[in-house]
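Throughout, read-outs are computed from the coordinates displayed, never taken from laboratory work. These figures come from a predicted structure and were not determined experimentally. In this analysis, Cβ positions are derived from the backbone assuming ideal geometry, glycine residues included, and neighbour counts consider all displayed protein chains.
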Amino acid sequence: MPVISSQDAPVFDTGGALITGLAAPSRGSRDVAAWRVRFVADHPSPTHSLSREEVFVVLAGSVTARFAGHQETAAAGGALVVPAGVEFSLVAEDGPAEAICVLPVGGQADIGEGAFTPPWAQ
């Protein structure tokens with residue numbers, strides 16, 4: 001049974017978020033990838049879509065998903081469920097926020113330059 005400590009987990013700085021890779025195939029997970037995201041306030045992620053459904057469980061603050069002229073916000077204790085194939089962007093509008101993200105292994109992101117597996121999910 002793999003155990004991934006926060007001290008040993010890889011960290012990725014995207015400029016608007018700090019991502020700590022938790023469960024992933026390279027760390028012993030076969031079916032689900034999970035990572036912790038610390039969002040910088042008012043710094044939206046690039047607009048992207050995913051090949052599989054993605055779930056964000058908000059731990060602190062609130063996170064807003066912007067998509068197709070709409071937006072949905074989840075506060076601490078809630079979750080955002082992003083369907084596959086929907087172009088969206090995430091932002092912490094009211095200050096920094098934290099969330100755990102879960103994506104099935106094999107899920108890919110597309111920011112308009114072709115699909116790829118994010119490094120924290122590999």
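Values as computed for the structure displayed
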{"quantity": "Distance between modelled label sites at Thr47 and Gln122, nm, 7 Å Cα→Cβ extension", "calculated": "2.7"}
{"quantity": "Within segment 29-62, backbone nitrogen closer than 18 Å to the virtual label 7 Å beyond the Cα of Glu113 toward Cβ", "calculated": "44-51"}
{"quantity": "Dipole magnitude of segment 1-109, debye to nearest 20 (Cβ charges: Lys/Arg +1, Asp/Glu -1, about Cα centre)", "calculated": "300"}
{"quantity": "Where only C-alpha atoms are counted, convex hull volume of segment 37-120 per residue in Å³", "calculated": "86"}
{"quantity": "Dipole of segment 1-118, positive end: most advanced residue of Leu103, Leu90, Ala60 [Cβ charges, Cα centre]", "calculated": "Leu103"}
{"quantity": "Segment 76-122 versus segment 14-58: alpha-carbon centroid distance in Å", "calculated": "5"}
{"quantity": "Cα→Cβ-extended label distance, 7 Å offset, between Glu87 and Thr14, nm", "calculated": "1.7"}
